[in-house]
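Please treat every number below as a calculation from the coordinates, not as lab data. The shown structure was predicted, so the numbers you read here are calculated from the model rather than taken from an experiment. Don't worry about glycine lacking a Cβ; one is built from the backbone with ideal geometry, like all the others, and counts go over all protein chains shown.
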Amino acid sequence: MKVLVCVRSDLPAPMARVDNIQRLMEEWSAEWAGVLEPSCRSALQLAKDLSGPSGGFTALSYGRGECRAALEVARAYGAVDAVHLQSAEGSLRHDGNTIARALAAWVGERSFDVVVCGNSSGVGPVPALVAGHLGWPVVTRVDGFKKFLPQDDSFRAIELTQRLDAGWKRQVLARYPVVLSVQSGFIPPQYVSVRRRKEAVHGLASNVTECELPVWTDGHAPAVLQALTPPKPRTKRTAVPDAKSSAADRLKSLMGPAATKKVEKPKEDEGPRVVEGSAVELAEELLRFLRKKEFLSNS
Amino acid sequence: MSFDGAIVEPTVLVLADKSAGDWSTVTLELLGDAELLANKVGWTVKVMVFAAPGAVRDEDARKLAAHGAKEVHVWEHEKFGPVLVPAQYTHTLRSYLDESMPRLILCPSTPLWVEGVAAAVAPYGALVASDCVSVKLNVRSDLELVRNYWNQKTHATWTFSGQRPWVVCLHPGVAGVGRPNPALSAPVERHQAIVLEENVETLEWFPPHPSRLDLVEAERVVAGGRGIGGPEGFAELTQLAELLHAAVGASRVAVDLGWIPYSRQVGQTGKTVRPRLYMAFGISGASQHLDGMRDAETVVAVNLDKEAAIFSVAELGLVGDARAVIEELVRLLKPSERAEGARAGAAAALSNV
Amino acid sequence: MALRIVLALFTLVLAITMLGLLIVRMRPILRAMASARQVVRWDQPLYRIRSTAAQVFGHKRLLRQRLSGILHLFIFSGFVVLLLDIIETIGQLVYPEFSIGPVLGFLVDCFVLLVLAGVVLALYQRKVLHPKRFEGSDEKDGELILGMITLIVVGIAIHNSFFRLLEHPVFGMTTSADGHFLSYLLDPLWVRLGWGTPMAASIGYSVGYALDIGTILWFLAYLPTSKHLHVFFGAPAVFFRKLGTPGRFLPTATEVHSSGDSGISATRDMTVQPIQSFADMTWRDVLDLFTCTECGRCQDVCPAHQAGQPLSPKMLILDLRDALVQQTRGVESSVVRSLSLAGDVISAETLWSCTTCGACQEACPVFIEHVPKIVGLRAALVERGEVEERPQEVLEHWGEERNAYGKMPETRPAWRNRVTYHFKDLRRESAEWLWFVGDVASFDNDLGVARSVDAIATLLGGAGLDVGLLYDWEGSSGNDVLRMGEYGLFEQLATENMRAMERAQFERVLTSDPHSFNALRNDYPQLGFKKPIYHYSQVLQQLMTEGKVAPTHSLGIRATFHDPCYLGRWNQVFEAPRDILRRCGVDIVEMPRSFANSFCCGAGGGRMWMNEAGMKERPSEARIREALELPGVTHFVVSCPKDMVMYSAAVTALGCQDRLSVVDVGELVLESTGWQFARTSAS
Ligand SMILES: Cc1cc2nc3c(=O)[nH]c(=O)nc-3n(C[C@H](O)[C@H](O)[C@H](O)COP(=O)(O)OP(=O)(O)OC[C@H]3O[C@@H](n4cnc5c(N)ncnc54)[C@H](O)[C@@H]3O)c2cc1C
Ligand code: SF4
Ligand code: SF4
């Protein structure tokens, strides 16, 4: 089985601030060595497990200097080939659509059986987009694999467990070629010691394959990053409880954020509150709160 | 507008999520945003639902209409219940897109939708944005999105332009649900879906259980500490968890006392969780416990002690007996009563018309 | 004549066979030692000889356990006296007139009785008292050895007594006074029994002789597979022990220098080796395995063992020994060899249970070094990537943010916003002292930790000490990292800290964290660090002596003081904190386990961040119970931020906050000075 794992570098979680990110969009200096994005760690572990003790796997990273960190760890995990897919700008400037296109174009020119991608918090579109571009099936949120079937040329497949919504799981048999996505923590990853990492760095110098981006442009404009800002919560729409409000008000509330500002409840109501009362009162208060926060439907 | 030969229609397609019984909140939030955009440029808001036969009743569809849907397309198939699998609706979605390509697709930013929709739309060259906080059309009629980055520590604004269809996945709970207009209605079309998973075959299904729900990925966690009084307390908490679709967590003391296994411990020597909702029952809020749940979006705490440290991180603090509150909550949330409540609510809505 | 020839032949044949066996059975052990890694333990030979003598002949450590110590002294002295007997007995065989003289003869008989008394005591201990520390020891072996010892001394008495009956009739000697007073008691008995005839006496003599010399020879051949190998290895083990401050983990330059390749390119990092196989152990480690007496003293004091975790330091040594024996014997060698030491022979769970408190090493009468082995085996797990989820996260934080808490390095000095004393910024200005704050004191949210840091800051400021901080240049000292077996990461952290400390201008270091204290004091110097380092209790003691910190009122409380492992046992600092407490008018009541025998809080060696599932009783809670037993004690005094965290939680868990408060030494000193918290140095 030929396994490819796509990995990316990220900045350490506590460093994720607008100023830092902006700097890193320009260049990742040595001082700012990135770290492996956590779900990619699970992806590496899965790739390693899949390819078994004897088989090697290939690791691919898209971007510029930042790829080094991810590829180092990939090597330390046992990737035999580390491929750097060079982009014109740092990968932080590119969105998932562009990256998925590039990855798919590169993979399409080769013959991998399984492509494993990390998917941080499960809402990254890249693995699924890659699969879609390649026309391969994607098994999302893989949290383990059971066994290989006897591999002959007519039927080559693996058995995987996949997490679904609301705690459901299923066991699937997936034929090659297939894209797999994993979230961080799904596959308990091995620790990579500093020594192992150093050895990998040693081996990396001679073992990175630098690859030019394949030509894939379809003539359409890519997504463009306009600005990075500190997070600012969006003003929430609220259902005005008063049914007898005027049509104009009703329209306003339907017009969404900006328009509904005036009907919003005063801010101090949102602050921490400590309430006393009987169990029934407390439970009702709690349910009211959950409804207000839309954790429970309002019906 | 045309796209690679196919006609791109002036519609916004909202993928509605009914996996938790009723329409999820984010579905209604999506409708609010869809209607806003549609009103601005004259698009039509269409809703697409994947559901088991009979799971979407006409009154459910009416609710969508009340929130702005102009057409409701229900695709039915046995395999769409009790749990929806991303790969199982992609074929249906694609065959729909082959016929009528919307300008914009809106869906919840949850694994179920992001990965399923992305896989379906990639061949059409669509641009996909996940984890969005807000979306609007700018003066050049480009789509302008604000997206969460790095665990919501940063916002990034992106623009989508060009002729390709756009897909926007909205982070649940940020937009808010607008006021419904029960006077509105929409035609409901029901179709027989075809589920076709190419090259992937399901061998076995494993249904969920609150005590097996992965704490780390759970959107909601209900946790108990010493104040919950014993294993029976946890049995009740588990019931509550089931009703709220939450995972069960615990403090170290509760684990020490053998009321619940270690795998459920939240804190410095247990799991670190980042749920959208964290409810702490009878937990004092020692620093080592807070370490594991500080990043929860919304914290609710029930504790007898008004001075308990947990209240310092709680948005809502309730001073009272944990067991009693849990029992009340379970009573109030029990499906039978809830169904009744829902029916009463529906009746009230109708009488408003 | 015939009798002597027969016995001589018997002795010769038996000696050749048994000594041959001894050699054959010892060879694999010696070979294992020879093929192990080198470490030099020849330095300070005179001191080594002196201290070895004190331990071997004075039983210094053994006597800490009264009964066992005394009975061992009886038996041990018997062994020494035994030599005299062997000389006499063999001598008589060659030349019947030979004698060691009445005085020594008398001594031999005295010791025959003492040894028998020792054996009886030993049996009483094993069979009646049955201390828990023997759990898991090979008790058959112990009893067999006791049996052998009995046979030997009984044999001595028998052949000596019959010898007197043979002297005249068979050897043609005049009866001499040989001092063997037991013979005077036994001879009449033999005669009464009718065994006084030369024939019977010859048989009796031969039987006694065979019991004595035969058993001794059998014993020699038996030794290599017995815990009694310590007869040979005990003294060398004491002699070749690690000298200097016990807390040092990294080998010194002398220890590695003349190792194998003359140390030219032997990088420091090669000197701490993950123990994947026995070849990665030092010869000293191998020696340890065969020296262990299975006495279980280490198991008795081990906090992990008491907490019901799978670790027993004794069983760890024995399991390793058994695995090595199997390997050397070639038994199922392919299977055995494919087992990994860390993981298969010793389970990962066992290895991660250790708090690296060092109580085991402190208790061991033959100075076995458990901690380096445990850490070496952990290192093997680390290199293979087998680290539990939580500690793995912490290791990554250390690697990425240089603190265990995963916080931004810039936020390290955030605590100082609470105090008004202005600490110098050593990144830019110079100061006399550097306060190396450490991870826990800088980042932990525990309220007690905050209180203690504030108190220390206020005291230092109030005393007008010229103190600076490294701000975000400071990183974790790596003390725990090293002991979790992540050598590479330790090196990385230590190198960065040392680079920062080289760039900063200061003369000495003080730290509020015993773990950092240990690393900076013992391990950093091996990497080239040279500045003196003090624990804050030592600094406070000095300031009080100089009158810069002056208690104005006596606190008049009864308190107990907990010796932190990394301050007390590992660094031998016991007096400073006690002294300052006394100066503040604190009446110190010692817990049963205090000073070098202090009982670990359970946080060391990375345990603070590990899964505690399966613990029966947390060490910290056992410790608080111990303190609660002390009459009238209201305060539990700590001098380590980790202790503060662990014991505050333990007190809450036990619900005894109103009976016992956990306070830091600094807090009490501050209280007795009457200074207000956060007093500035200017005011
Ligand atoms: C190194 C270390 C690591 C640790 N790791 C963790 C960890 O990972 N996770 C963790 O949780 N803890 C951890 N702790 C333990 C932590 O310090 C606390 O002891 C623990 O969190 C307390 O649990 P608790 O809140 O359930 O119990 P308590 O502190 O005893 O609190 C019980 C609370 O319940 C309230 N209460 C009592 N009866 C009722 C009632 N009938 N109704 C409502 N409220 C009631 C009380 O007012 C009190 O606030 C760690 C401690 C240490 C030292
Ligand atoms: S160092 Fe402490 S915890 Fe570890 S084995 Fe020795 S006594 Fe037990
Ligand atoms: S290691 Fe030392 S203390 Fe432990 S059983 Fe062996 S000899 Fe006794």
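For the range A:5-99, go through all pairs of different Cα atoms, get the mean of 1/r, take its inverse, and jot down that Kirkwood value in Å. Numbers along the way, then the final one.
On the way: mean 1/r = 0.0736 Å⁻¹.
It is 13.6 Å.
With a Förster radius of 45 Å, plug the Cβ-Cβ distance of residue C:430 and residue C:590 into 1/(1 + (r/R0)^6) and report the FRET value to the nearest 0.05.
Details: r = 42 Å, r/R0 = 0.92.
Here the calculated transfer efficiency is 0.60.
Tell me, what is a quarter of the convex hull surface for the C-alpha atoms of the protein assembly as shown, in nm² with one decimal? Please report the intermediate quantities before stating the final value.
Details: hull surface 242.7 nm².
Directional mean of the projected Cα hull area for the protein assembly as shown stands at 60.7 nm².
If a paramagnetic tag sat 7 Å from the Cα of residue C:659 along the Cα-Cβ line, which residues of the range C:575-589 would have the backbone N under 18 Å from that point?
C:589
Using a Debye calculation, one point per C-alpha and no hydration shell, please list log10 I(q)/I(0) for the range B:1-61 at q = 0.18, 0.25 Å⁻¹ in order.
Log-scaled intensity ratios, in q order: -0.72, -1.02.
Restricted to Cα positions, what overall size does the range C:2-236 have along the principal axes? Three whole-Å values, descending.
60, 39, 36
So how far apart, in nm, are the two label points at residue B:306 and residue B:39 if each is 7 Å from Cα heading toward Cβ?
4.6 nm
Evaluate the range C:270-386: find the radius of gyration of its Cα atoms, find its Kirkwood radius, and give the ratio Rg to Rh. List each step's numbers first, then the result.
Working: Rg = 13.4 Å, Rh = 14.2 Å.
Here Rg/Rh amounts to 0.94.
Across the range C:428-471, what fraction of all alpha-carbon pairs, as a whole percent, falls in each successive 5 Å bin from zero upward?
5, 21, 27, 24, 16, 6, 1
At 20 °C and 1.002 mPa s, grab the translational diffusion coefficient of the range B:231-327 from Stokes-Einstein with a Kirkwood Rh over Cα pairs, rounded to a whole number in µm² per second.
Working: Rh = 13.2 Å.
Taking Rh from Cα pairs, D becomes 162 µm²/s.
If chain B were replaced by its equivalent ellipsoid, with semi-axes equal to the square roots of 5 times the Cα gyration tensor eigenvalues, what would those be, largest first, whole Å? All intermediate terms of the calculation are to be shown ahead of the outcome.
Values: eigenvalues 305, 101, 84 Å².
Listed largest to smallest, the semi-axes of chain B are 39, 22, 20 Å.
Which shape class applies to chain C: rounded if a/c is under 1.5, otherwise prolate when a/b exceeds b/c and oblate if not, where a ≥ b ≥ c are the square roots of the Cα gyration tensor eigenvalues?
Working: a/c = 2.68, a/b = 2.06, b/c = 1.30.
Prolate.
Can you give me the pair-distance distribution of the range B:116-244, C-alpha pairs, 10 Å bins, whole percents?
Going out from 0 Å in 10 Å bins, the range B:116-244 shows 9, 20, 26, 29, 12, 3, 0 percent.
Among the Cys residues of chain C, which have no other cysteine Cβ under 4.7 angstrom away?
When partners are defined as cysteine Cβ atoms under 4.7 Å apart, chain C leaves C:110, C:292, C:295, C:302, C:354, C:364, C:584, C:601, C:640, C:656 without one.
Based on the Kirkwood radius over alpha-carbon pairs, what value in µm²/s does the Stokes-Einstein equation return for the translational diffusion coefficient of the range C:405-544 at 10 °C and 1.306 mPa s? Show your work: numbers first, answer last.
Details: Rh = 15.1 Å.
Rounded, D is 105 µm²/s.
Determine the relative contact order of the range C:501-636: mean sequence separation of Cα pairs under 8 Å and six or more apart, normalised by residue count, in whole percent.
Values: 160 pairs, mean separation 32.1, N = 136.
Computed over the range C:501-636, the figure is 24 percent.
At q = 0.19 Å⁻¹, work out log10 I(q)/I(0) for the range B:38-151 with the Debye formula, treating every Cα as an identical point scatterer and leaving solvent out; two decimals please.
So the normalised log intensities are -1.24.
Under a crude label model (7 Å from the Cα following the beta-carbon direction), how far is residue C:572 from residue B:149 in nanometres?
Result: 5.7 nm between the two label points.
How large is the Kirkwood hydrodynamic radius of the range C:51-155, in angstrom, based on all distinct alpha carbon pairs?
Details: mean 1/r = 0.0662 Å⁻¹.
Hydrodynamic radius (Kirkwood, Cα only) of the range C:51-155 equals 15.1 Å.
Beta carbons within 10 angstrom, averaged per residue: use that to sort the peptides B:125-133, A:169-177, B:80-88, highest first. Display every interim value, and only then the final one.
Details: B:125-133: 24.4, A:169-177: 19.4, B:80-88: 21.1.
Ranked from most to least packed, the peptides come out as B:125-133, B:80-88, A:169-177.
Just to be sure I understand the model, the point goes 7 Å from the Cα along the line to the Cβ. What's the resulting residue C:168 to residue C:243 distance in nm?
6.0 nm
Provide the FRET efficiency to the nearest 0.05 for the residue A:276-residue A:89 pair, computing r from the beta carbons and using R0 = 45 Å.
On the way: r = 57 Å, r/R0 = 1.27.
The value I calculate is 0.20.
So for chain C, averaging the separation of alpha carbon pairs under 8 Å that are six or more residues apart and normalising by length, what relative contact order in percent results? Spell out each step's value before the answer.
On the way: 1101 pairs, mean separation 90.7, N = 683.
Contact order relative to length: 13 percent.
Taking only the alpha-carbon positions of the range C:499-623 and ignoring solvent, what does the Debye formula give for the base-10 log of I(q)/I(0) at q = 0.11, 0.23 Å⁻¹?
-0.50, -1.33
Round to the nearest 0.05 the FRET efficiency obtained for residue A:155 and residue B:295 when R0 = 30 Å and r is the Cβ-Cβ distance. Intermediate results must be reported in sequence, preceding the final value.
Details: r = 45 Å, r/R0 = 1.51.
Rounded to the nearest 0.05, the efficiency is 0.10.
Given only helices, namely DSSP H runs of n ≥ 4 each adding -39500 (n - 2.57), what is the per-residue ellipticity at 222 nm of chain C, to the nearest 500 deg cm²/dmol?
It lands at -16000 deg cm²/dmol.
Can you give me the relative contact order of the range A:62-205 as a percent, contacts being Cα pairs under 8 Å and 6 or more apart? Could the numbers behind the result be given before it?
Values: 225 pairs, mean separation 38.5, N = 144.
In percent, rounded to a whole number, it is 27.
For the range B:2-192, what number results from the quotient of the Cα radius of gyration and 2.2 N^0.38 Å?
0.95
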